[in-house]
Every structure is written in C-alpha cells, then in structure tokens.
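First the structure, in the form of structure tokens, and then the observations on it.
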Amino acid sequence: MKTIADLKASGCIIFECISGSKAYGLDTATSDTDIRGIFILPKDLFYGMEYVEQINDATNDIVYYELRKFISLLSKNNPNILELLNVPEDCILIKDPLFDRIMMDYFLSKLCKNSFANYAYTQIKKARGLNKKIVNPVAKERKTVLDFCYVRDGKVSLLVKEYLEKNSLLDTHCGLVNIPHMKDCYNLFYGEDKGYQGIARANANEVCLSSVAKEEQPIALLYCHVDGYSAYCKKYKEYWDWVSKRNEARYENNVAHGKNYDTKNMMHTFRLLHMAKEIAEDGTIQVRRPDRDFLLGIKQGDFEYDDLVSKAEVLKEELDTLYNTSNLMERPDVDVVNELLVSVRNEFYEK
C-alpha cells in the first residue's frame, strides 16, 4: 500500500478531515484545500516487513498518518497533529467510532509551550531572514575579488579599480608580492613588459601573485578584504538560491503590501502563539480561530513588521508565566498512551 488510491481502496482510514487555513477559518479565494487523515495498516503489513508510516501526495497537501506515527506525534504535542483532535465538525469527512477513543486529555501537556511557541519563534526568525532579503536584494551581477581590493592613496584608500582608472593603469600589467607579517597585504608593482600576472584572474576567489625582480620598487600597498569577499559570496549564494525557490505569487503579494515581510508566515506565527496561550489558560485547542480578524489583518499587511515582533516577544514572556502555573500535566504518560495505541489497533483488527 503505497499510494493514496491504494489507501482509499483498503478501508483502513479511520479519520479524514479538511485542515489548514480552511479549518482555521483563515482561507481566502486562492487557498488550497489541505487534507489530513489517519489509517491503520492491515495486520499482515503491520506485522510484516512493509510497515508504512505515512502516505502523501507530491505537494503534501494530502497526508495520511499510520496510527503509530499519529500517536507518537501526539505524544510530542506536535501542533499540526494535536489540532486534528478538535477540528470543526464541518471539516470532518470520515470518522470511525474508534477515532473517538483518541482523546485530547491523553496528550495535552506543558510540552505545548515548546512545541507550539518555539515553532512560532522559528517562524519569526525566518520572517526576519526574509525581511532582510526583501529589503536588501543582491544584484544579479556577481562581484569579483577585485571589488574587495583597496590601495592606499595618500591619506585615503581607494578601490583598486578606482586607483587604476585614476592613474591610467591596466590590471594586466600589475604584479603582487606578499608583505611578510602583514596578512592580506601586498606590494603592488607595475610594468608593461615585466611578465606580471595581474591582480586577479577571471572568476578567481583570491588575488594572483607574481615573481618580481628585487630591484623593482612597488607603486602602492594593496589590501585584499578576504573576509568581506567571503561573506559576500555566502550572501550572494543564499539570496539567489532563495530567489530560485521562492513562491513568486506569495513574494509579489509581500512586496505589494509594502511591509517587506512574509505576511502569511507571520499570520501563522501568531496563530500558534495564541493557541499556545489558550492551551495554558483553558486546556483546549481552538482550531477555528476566534482571532480571525486580527490574523487576516496580519496576512493583509495591516501591521508593521517591528510591531509584530515586539508583540511576539511580549507573548513569549506571558507564556513562560502561564505554563509555570498551568494545571496541565508535564508530559503525556507513556504507559497510558501505549495502552491506548495497542487497544485501538487490536479493536480495529478484531472488527
């Protein structure tokens, strides 16, 4: 059983629902329909060599978890999995009575502080990274090592390109020689018929050294900012890798509202933070969001980036206090959860 079609034909699905933005009440006209489900492998596959813990489509819009993996993720208080125990009735497509045996009370614990909130903080860090990329784009034309070489000219420093242009000199007639005990510093020599190698070859990541006669005198001291060039190369690669992989429609939306951050990312960050707070205060998960207007306002770009980060930091401090005083259990009881897993599986096989 390897495909969704195989799974649907098997009769092994005990739960299936619409999840994601449509379950949260945060969907818009362009939102996808996410499907999540739980299945129990037929006995021969479960006890045999072909255990399958998950079946999904290519985009992960449709995902089904085998009972053991589902229970394992519940035990870790995984946010996306816990919410399946409380999706709105109008989102439930299939529910075997066996699924009702898997109750929230077995799993909801203080682990949610980390599983919900820490995931949200990770998203904020991603939003910060995206913010930097949007605000500080990297030009497509890649700089060379020459753009990080400087020459002392009187009391100031000039880019070597400016220095050469100012003095009507050619890079190809230049020669560099190391200066002992002066890291990344070189004596710069010049001569048309000296056989010098130039300052740097095309596409090279370092300067080029030349053999220079002892009687020759340098015309200047050149410094190569190697660390700066290395940092630039890393930034260039990260930026253009991001460009090649980004969702263009989502990116254009982020640029259009002028806030320069991923608004969808930040919306789900606050959804998770608010859900974590509700769990500590009320001991339940509200999947259909009561803060819908606020969350959609974030998605629409109604808030400034720095203001949202500040709000998130305040929420983090609140969560520390709330979870310290919460009546939630510290973590799910492994023995109780294991007994539940065995009981549900056996009951399914006996049917």
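Read-outs throughout are calculated quantities, based only on the coordinates presented, and are distinct from any laboratory measurement. The shown structure was predicted, so the numbers you read here are calculated from the model rather than taken from an experiment. Every residue, glycine as well, gets a Cβ built from its backbone with ideal geometry; the counts of neighbours run over all protein chains shown.
Over the C-alpha trace of the chain, radius of gyration and Dmax come out as 30.2, 97 angstrom. Qualifying GluC sites (Glu not before Pro) in the range 1-93, where qualification requires a DSSP coil assignment and no more than 15 other C-beta atoms within 10 Å, comprise Glu50, Glu53.
Using alpha carbons only, how many angstrom separate the centre of the range 191-240 from the centre of the range 144-173? When both Cα centres are located, 11 Å separates them. Reducing the range 1-55 and the range 282-313 to their Cα centroids gives an inter-centroid distance of 29 Å.
Take the Cβ atoms of Thr3 and Phe46, set R0 to 25 Å, and the FRET efficiency comes out at 0.85. In plain terms, the chain from Lys234 to Thr284 could stretch by 13.6 nm, reckoned as 0.36 nm per residue minus the Cα-Cα distance. Axis angle, to the nearest 10 degrees, between helix 334-350 and the longest C-alpha principal axis of the chain: 60 degrees.
Taking each residue as 0.36 nm, the span from Asp171 to Thr28 lengthens on full extension beyond its C-alpha to C-alpha distance by 45.7 nm. Under 14 Å Cα to Cα from Lys194, which aspartates and glutamates show up? Leave out anything in the same chain fewer than 8 places away. Straight-line reach from Lys194, under 14 Å: Asp171, Glu215, Glu216.
Entry note, the chain: the mean residue ellipticity at 222 nm calculated from DSSP H runs of n ≥ 4, each adding -39500 (n - 2.57), is -13000 deg cm²/dmol after division by the residues and rounding to the nearest 500.
Rounded to the nearest 10 degrees, the inclination of helix 305-325 to the longest alpha-carbon principal axis of the chain is 50 degrees. Rounded to the nearest whole Hz, the Karplus-based 3J(HN,Hα) values (6.51 cos²θ - 1.76 cosθ + 1.60, θ = phi - 60°) of the range 101-116 follow the sequence 5, 8, 9, 4, 4, 6, 10, 5, 8, 5, 4, 4, 4, 7, 5, 7, with x at glycine and proline.
A straight Cα-to-Cα reach below 20 Å connects Lys237 with the aspartates and glutamates Glu141, Asp147, Glu206, Asp227, Glu248, residues fewer than 8 places away in its own chain not being considered. One decimal place: the segment Ser244-Val342 gains 30.7 nm when fully extended, by the rule 0.36 nm per residue minus the C-alpha distance.
So how many Lys-Lys pairs in the range 1-86 land under 24 Å Cα to Cα, not counting same-chain pairs under 8 apart? The number of close lysine pairs in the range 1-86 is 6. By the count of other C-beta atoms within 10 Å, a proxy for reagent exposure, Asp44, Asp61 are ordered fewest to most as Asp44, Asp61.
List the chymotrypsin sites (Phe, Trp or Tyr not before Pro) within the range 8-96 that fall in a DSSP loop (any state other than H, G, I, E or B) and whose Cβ has at most 16 other Cβ atoms within 10 Å.
Tyr51
Among His268, His181, His274, sorting on how many other beta-carbon atoms sit within 10 Å of each Cβ, with the fewest leading, yields His181, His274, His268. The long axis of helix 226-245 is offset from the longest Cα principal axis of the chain by roughly 40 degrees.
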